[in-house]
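What follows draws every value from the coordinates through simple rules; no lab data is involved. This is a predicted model, so every value here is computed, not measured. Cβ atoms come from the backbone with ideal geometry, glycine included; neighbour counts cover every protein chain shown.
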Amino acid sequence: MSVVDAPPGRDFAGPAIGEFRSRPGPRRLARSVFIMCLIDSVATFVLAARESYATGSVGLLVLALVCISVAGVGLGVRSAVVRIDAGGIQWGWGQLGFRLGPSKIEALHYYERGLTVIRKGGSPWYLSKHDWDRFEEVPKVCEDAGLQLARIEGNPPLRARMQAYGVVLDGLMVATLVGSAILLVYASLR
């Protein structure tokens, strides 16, 4: 009997052999965009609330909330951690996340540009080198965790690469920041 018990269906995987975070630049971008969108949206709320019956006031409020939501999701994705241990591979935030145990992993294919996790009975899961810091340590960490890894020359399959979100997410964050600034300017000039 132990003092602390694991949730039903989940055992203690042990200490993480490797944890990988998003690269520092994209993390800073996501944090900065979220803070700026929050400031812009609060200012937009204040300006729209002064003339709550004017045409477009409700639209300004809704679009400001959309900007905060998109920036929040981007911040959440960029603050997630990939953890590799004897219990498999986990993507998420502490206990909240997605875990693939060794019994659910059919194969791990390591390419120069990323890692493809081929799941039994599911679609592949791709971790791009450009999204994660210290990615070159992944092969050693997988081997230390007892996960079999095949090194493959060339590019990962297109189906797997389509899951890389780095450039698209960064572009979406910048577009969200520009959108929240435009909303603020519009709210102040009407």
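Annotations
- Matching the structure-derived semi-axes √(5λ) of the Cα gyration tensor in Å against the labelled list [x] 44, 19, 12; [y] 41, 20, 13; [z] 37, 19, 14 gives the label [y].
- Most mobile of TYR110, TYR126, TYR53 in a GNM of the chain (Cα contacts under 10 Å): TYR53
- Cβ-derived FRET efficiency at R0 22 Å, LEU96 paired with ILE39, nearest 0.05: 0.20
- Ranked list, fewest to most other Cβ atoms within 10 Å of each Cβ, for PHE98, PHE135: PHE98, PHE135
- The angle between the Cα long axis of helix 166-189 and the longest principal axis of the Cα atoms of the chain comes to about 10 degrees, rounded to the nearest 10.
- Ranked MET173, MET162, MET36, criterion: other C-beta atoms within 10 Å, fewest first: MET162, MET36, MET173
- Order of ILE84, ILE68 - criterion: other Cβ atoms within 10 Å of each residue's Cβ, fewest first: ILE68, ILE84
- Degrees between helix 57-78 axis and first principal axis of the chain (Cα, 0 to 90, nearest 10): 20
- Cross-link partners of LYS104 among lysines (Cα-Cα below 17 Å; sequence separation of 8 or more within a chain): LYS120
- With a Förster radius of 25 Å applied to the beta-carbon distance between LEU65 and TYR165, the computed FRET efficiency rounds to 0.65.
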